[in-house]
Amino acid sequence: MEPYHNITLAPNGRMNVPDFPVIPFIEGDGTGPDIWRATQKVVDAAVEKAYSGKKKIQWLEILAAEKGFHQPGE
C-alpha cells in the first residue's frame, strides 16, 4: 500500500502536496451520493492519466449532514 500523507503548508505559504495525498470529502444528501460516485471516478481517472499511476488520492469521508447525524457517539 502507498504511503499516504496530508497536504501541508510550508513557511513560505506554498502547499506541499505529496504524491499520495489524503483528500477529505463530504458525500452529501439527496443526489449527493450519486454525484460523488461519478465525480470520484472522473477525478481518479484524471489523476491516473495525468501521472501514469505515480500519484493517487486517498479519499477520506467526512461524516456530515444526515449521514453524520445518524452516527452514534459522534
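The values are calculated or read from the model by the stated rules, or taken from the named source; none is laboratory data. All values derive from a computational prediction rather than experimental measurement. As a convention, Cβ positions derive from the backbone with ideal geometry for all residues, glycine included, and neighbour counts pool all protein chains shown.
Descriptive notes on the structure:
- Residue among Gly68, Gly13 that is of a type in the set (Gly, Ala, Ser) and either within 13 Å of the chain's Cα centre (by Cα) or assigned to a loop (DSSP other than H, G, I, E, B) (or both): Gly13
- Within segment 15-63, the residues that satisfy the criterion of being small (Gly, Ala, Ser) and surrounded by fewer than 13 Cβ atoms within 10 Å (Cβ to Cβ) are Gly30, Ala38, Ala45, Ala46, Ala50, Ser52, Gly53.
- The test for being modelled with pLDDT of 90 or more and assigned to a loop (DSSP other than H, G, I, E, B) holds for Asp19.
- Filter result (over 14 Å from Lys67 (Cβ atoms) and touching a residue at least 12 places away in the same chain (Cβ under 8 Å)) within segment 11-39: Pro18, Asp19, Phe20, Pro21, Val22, Ile23
Per-residue answers, yes or no, for (1) assigned to a helix (DSSP H, G or I); (2) among the hydrophobic types (A, V, I, L, M, F, W, C):
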position	(1), (2)
Ala38	yes, yes
Ala45	yes, yes
Gly53	no, no
Trp59	no, yes
Leu63	no, yes
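- Pairing each residue of segment 58-74 that is on the phi > 0 side of the Ramachandran plot with any residue that is charged (D, E, K, R) and at pLDDT 75 or above, provided the two are 6+ apart or on different chains, yields C-beta distances under 9 Å for Ala65/Glu27; Ala65/Asp29.
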